[in-house]
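The values are calculated or read from the model by the stated rules, or taken from the named source; none is laboratory data. Given the structure is predicted, the values throughout are model-derived calculations rather than measurements. Note that we place each Cβ from the backbone using ideal geometry, even for glycine, and neighbour counts take in every protein chain shown. SASA here: full protein model, heavy atoms, side chains in, ligands and nucleic acids out. Shrake-Rupley method; radii C 1.70, N 1.55, O 1.52, S 1.80 Å.
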Amino acid sequence: MDTKFLFFDIDGTLWDEYNRIPESTVSAIRAARKNGHKAFINSGRTRAFIQNPDLLGIGFDGIVSGCGTMIEYQDDILEYYSMEPDYAGMVIQTVRSFGFRPVLEGRHYLYIDDEDFANEPYGKKLKRDLGERLLSISGNWGEWEISKLSCATKPNEHSGCMEALKDNFDFMIHSPAVVEMAPKGYSKGGAIEQLCRIFKIDKSDTIAFGDSTNDLSMLEAAGTAVVMGNGSDIAKNAADLVTDHLHDDGIMNACRKLSLI
């Protein structure tokens, strides 16, 4: 059996909005690894936001985080990008000038300003999930270690900022009021391509599992694209295989259909 490299998105793929991971997903990934395949998380979340013990406890050979700005394989860091503080400061000031409320995302910490997200569910979720890994932007000015950012915006008011920073970032619009910004040259798909070069494997030996718009580069880069039954129509249009809902054994059923287990 040829070794396949498997890449899993987190949100909507490995777990739901309440961070619930189906037991069948855990069993499928462990069985695939036992059969000699390599399993990677491949997430837009930076490493500071990939700490959940239930998630990591599934067992992975590596983690691609921050849209490919950090790539880990076992105990080695194969790729790591961090913005220079002066450059990051310019980016923060630019997005704020367009009314964006930034979330800075890094290897060890995320950064927000409380006044930007006061009493909003997202701010409360970050505080609950990150605890002391969540710091203040203004209170740590120039001392951030960040790789990318996301921003809350006024509904559908993205174009001005996108034009100002189009040479620096790729923008992924998650909703009319949420934009994710990845540095040019980094993406989930680019990370798959880089790992193919490092391990000298063919694209045909890679399989990506995702559910949403920000998985498109990963789905397009992989030899086989699997999209969850709960995924978006845009993602499904890029799929080679649409599997079942994540809570209907979607990962397990896809792994069986692809003869991984």
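Before we move on, is R20 of a type outside the set (A, V, I, L, M) and in a helix (DSSP H, G or I)? No, not satisfied.
Of the numbered criteria (1) in a loop (DSSP other than H, G, I, E, B); (2) more than 30 Å from L165 (Cα to Cα), the one G44 fails is (2). Of all the criteria given as (1) without any contact (Cβ under 8 Å) to a residue 40 or more places away in the chain; (2) within 19 Å of E105 (Cα to Cα), the one not satisfied by S187 is (1). One residue alone among K184, K188 is of a type in the set (K, R) and buried (at least 17 other Cβ atoms within 10 Å of the Cβ), and that residue is K188.
Scoring S138 on the criteria (1) closer than 29 Å to D86 by Cβ; (2) among the polar types (S, T, N, Q); (3) surrounded by 16 or more Cβ atoms within 10 Å (Cβ to Cβ) leaves a single failure, condition (3). The single condition among (1) open to solvent by 60 Å² or more (accessible area, probe 1.4 Å); (2) in contact (Cβ under 8 Å) with a residue 40 or more places away in the chain; (3) of a type outside the set (V, I, T) that S212 does not meet is (1).
Regarding T69, is this residue over 21 Å from the mean Cα position of the chain (by Cα) and of a type in the set (V, I, T)?
Judged against the criteria, T69 is not a match.
In summary, N52 fulfils each of the numbered conditions (1) over 15 Å from the mean Cα position of the chain (by Cα); (2) open to solvent by 10 Å² or more (accessible area, probe 1.4 Å) with the single exception of condition (1). Would you pick out the residues in the range 98-124 that are in contact (Cβ under 8 Å) with a residue 24 or more places away in the chain, of a type outside the set (D, E, K, R) and in a helix (DSSP H, G or I)? Scanning the range 98-124 gives a single hit, Y122.
Just one of the listed residues (L165, L195) is open to solvent by less than 20 Å² (accessible area, probe 1.4 Å), over 30 Å from F117 (Cα atoms) and in contact (Cβ under 8 Å) with a residue 24 or more places away in the chain, and it is L195.
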